[in-house]
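A short write-up of the structure that comes next.
No value in this document is a laboratory result; all are computed from the given coordinates. No experiment lies behind these values; they were computed from the predicted model shown. Ideal geometry is used to build each Cβ from the backbone, glycine not excepted, and the neighbour counts take in all protein chains shown.
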Amino acid sequence: MASSEQNETRAGDLTSLLEHPKYKEMLAYGFNNQEQVHVAMLVYLYLSEAKQWEELDVQPCPALQLVTLSGRPTQADDLQVLVPLGKQTELSPQRLRDFLTHVPLPQDELELEEPDLMTKRVTLAICDTDSTVTFYRIRDGFVPPDPPEIVAEKKAKKRQWKKRKGQRTQH
């Protein structure tokens, strides 16, 4: 049984969540899906505070009545679009197709000089009741894996970025 102190802490956490400017922004979209808005806020907080994503923002997807997120895991990464979902959300092949069709592309992909190089991709951010988030990336069509030398190059760049970021936070 939870103590009254734990219950007060949980109530305070919920109050601060409901007062958060991004939560209010999400509610202002007027979607009739309070649960998805709540999940979107939990994923937003996880990415912004625990994972320190860059350029994290929220966008409405009126066609699906959903709140979506976009951001970069690191400054060196591509902008990603995420669809926050509760773990109880039913998914079907058609629902996945709807995400790929209606969720807006990241702005930097819209500015590509060669639109044929765009690969429509969306990351599902599935949130459990304990706020654990699991990510699944879906794409339109088949995507072959990167060659080993490209994978090694990406890993090296990510290590360098993390090393530089660590040096900045120590000063």
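Summary table
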{"quantity": "Neighbour cut-off at most 16 other Cβ (10 Å), DSSP loop, trypsin sites (Lys or Arg not before Pro), region 13-61", "calculated": "Lys51"}
{"quantity": "Residue order, fewest to most beta carbons within 10 Å, for Thr15, Thr74", "calculated": "Thr15, Thr74"}
{"quantity": "Under Karplus coefficients 6.51, -1.76 and 1.60, residue-wise ³J(HN,Hα) of region 46-62 in Hz, glycine/proline x", "calculated": "4, 5, 7, 9, 7, 9, 6, 5, 8, 6, 6, 8, 10, 9, x, 10, x"}
{"quantity": "Residues Glu149 and Asp128, FRET efficiency given R0 of 35 Å [Cβ-Cβ distance, rounded to 0.05]", "calculated": "0.40"}
{"quantity": "In region 14-97, the GluC sites (Glu not before Pro) that fall in loop regions by DSSP, at most 12 other Cβ within 10 Å", "calculated": "Glu90"}
